[in-house]
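Q: Got a structure for you, written out below as C-alpha cells; questions coming shortly.
The values are calculated or read from the model by the stated rules, or taken from the named source; none is laboratory data. Computed from a prediction, not measured in an experiment: that's the story for all the values here. With ideal geometry, Cβ positions are generated from the backbone for all residues, glycine too; neighbour counts draw on all protein chains shown. When the accessible area is computed, the model is the full protein with side chains, heavy atoms only, and any ligands, DNA or RNA have been set aside. Shrake-Rupley method; radii C 1.70, N 1.55, O 1.52, S 1.80 Å.
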Amino acid sequence: MNGKVKTGVPGLDEMLGGGIPEGSVVLVMGEPGSGKTVLCSQFLYYGISELGERGVYVSLDHPKEVFMKKMSTFGWDFESFEKEGVFKFIDASPFSSGKVRLGSKGFSIEALLKWVSSEIKRLNAKRIAIDSIASLLYQYPDIAKRRMAILYLIESLVKSEVTSMMTSVFRTGWRDTTVLVEEHLAHGVIILQLMRTGRELKRVIQIEKMFGTLVDIQPRPYDITSKGIVVHVDETVL
C-alpha cells in the first residue's frame, strides 16, 4: 500500500500533500473542545459517503447515543450507515454494558483489539477512528504498561491494513512540550490548539510529523463549521 487517503477535511489534504499515506496510524491531539472527535468522524464520514470506504469508530470515552446526536448536528447520519452495514460503532467506554469496557474486570487491550479486528474483517473496513486513547492512561497508569498497550494497538491496526486516526489530549492552555509515548509511536501527529494572536484566540492546526509524505508544517487557522472542520490553508498565523 503506497497511496494517499483523503481526509475529506477542506484544506487539510492540501497540507498533507494529497492525504494520509495509506495504512498509517495518525494521532490527533488537542485540548478539550478543539474538534478531535469531529476531525476523526469527518474522516470516516467522507470515506463512507464519498468513496464507499467502510469505517469503524471505537469509543473509549462516550456512549453511542452521545456520538450519534453530536454527529447529526453536522448532518452526518452514522445511524443510517450502521443500518446499511457500512459503519460500526464499537462502544468500549465505561458507560457500555459490555464486558470489554474501560474500567471493567473483563477489559484488556488484547480483548479490545480482538473485537476491533473482527469488526474490521467483517465490514472489510478501510478506515478506523479510536477516540480517545487518553483513556488508556487510567486503565494503564504504569507508563511501561501503557507504552506496551499503545504499541500493541498500533501494531494491530497496521496488520489490519486500515488507515487510522486515534485521538488524545493535552492539558488546557499552551501545549506541553513533553513528548508523549503515543507521539513517538504514531506514524503521524496532527495538533489542534487555541493560539493567541494579538487580542484574539484562533483555532490552529499543525502537522507535527507524517511519515511517507512531504507536508506543510506551518500552523494554519481552522474553523468548526456546521458542516465540519475547514482548514484555511492559504492563511498564516501571525
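Q: Under the condition of being β-branched (Val, Ile, Thr) and more than 17 Å from the chain's Cα centre (by Cα), which residue from the stretch 104-150 is most open to solvent (accessible area, probe 1.4 Å)?
A: So the residue we want is Ile143.
Q: Let me ask another. Please go through the stretch 61-89 and pick out each residue that is surrounded by 15 or more Cβ atoms within 10 Å (Cβ to Cβ), out of contact with any Lys or Arg (no Cβ under 9 Å at 6 or more places or on another chain), closer than 25 Å to Lys114 by Cα and hydrophobic (A, V, I, L, M, F, W, C).
A: Phe67, Met68, Phe78
Q: Further question on the same structure: I'd like the full set of residues that are open to solvent by less than 30 Å² (accessible area, probe 1.4 Å) and within 17 Å of Ile128 (Cα to Cα), limited to the stretch 4-26.
A: Passing the criteria: Val5, Thr7, Gly8, Val9, Gly19, Ile20, Pro21, Gly23, Ser24, Val25, Val26.
Q: Also, I was wondering about something else. Anything in the stretch 218-235 that is open to solvent by less than 50 Å² (accessible area, probe 1.4 Å) and in contact (Cβ under 8 Å) with a residue 40 or more places away in the chain? List them, or say none.
A: The answer is Arg220, Tyr222, Gly228, Ile229, Val230, Val231, Val233.
Q: To continue, here is another question. Are there any pairs, at least 6 apart or on different chains, whose C-beta atoms fall under 6 Å, with the first in the stretch 133-154 and touching a residue at least 24 places away in the same chain (Cβ under 8 Å) and the second open to solvent by 20 Å² or more (accessible area, probe 1.4 Å) and among the hydroxyl-bearing types (Ser, Thr, Tyr), and if so, which?
A: Sorted first by the residue in the stretch 133-154, then by its partner, the pairs are Arg146/Tyr140; Ala149/Tyr140.
Q: Out of everything in the stretch 6-54 that is under 10 Å from the mean Cα position of the chain (by Cα) and aliphatic (A, V, I, L, M), what residue ends up being farthest from Ser72 (Cα to Cα)?
A: Checked the stretch 6-54; the qualifying residue farthest from Ser72 (Cα to Cα) is Val25.
Q: Would the stretch 182-192 turn up any residue that is exposed (fewer than 15 other Cβ atoms within 10 Å of the Cβ) and within 18 Å of Val25 (Cα to Cα)?
A: Looking through the stretch 182-192, at least one residue is exposed (fewer than 15 other Cβ atoms within 10 Å of the Cβ) and within 18 Å of Val25 (Cα to Cα).
Q: Considering (1) open to solvent by 60 Å² or more (accessible area, probe 1.4 Å); (2) in a strand (DSSP E or B), say which one Met29 fails and leave the rest.
A: So Met29 meets the others, but not (1).
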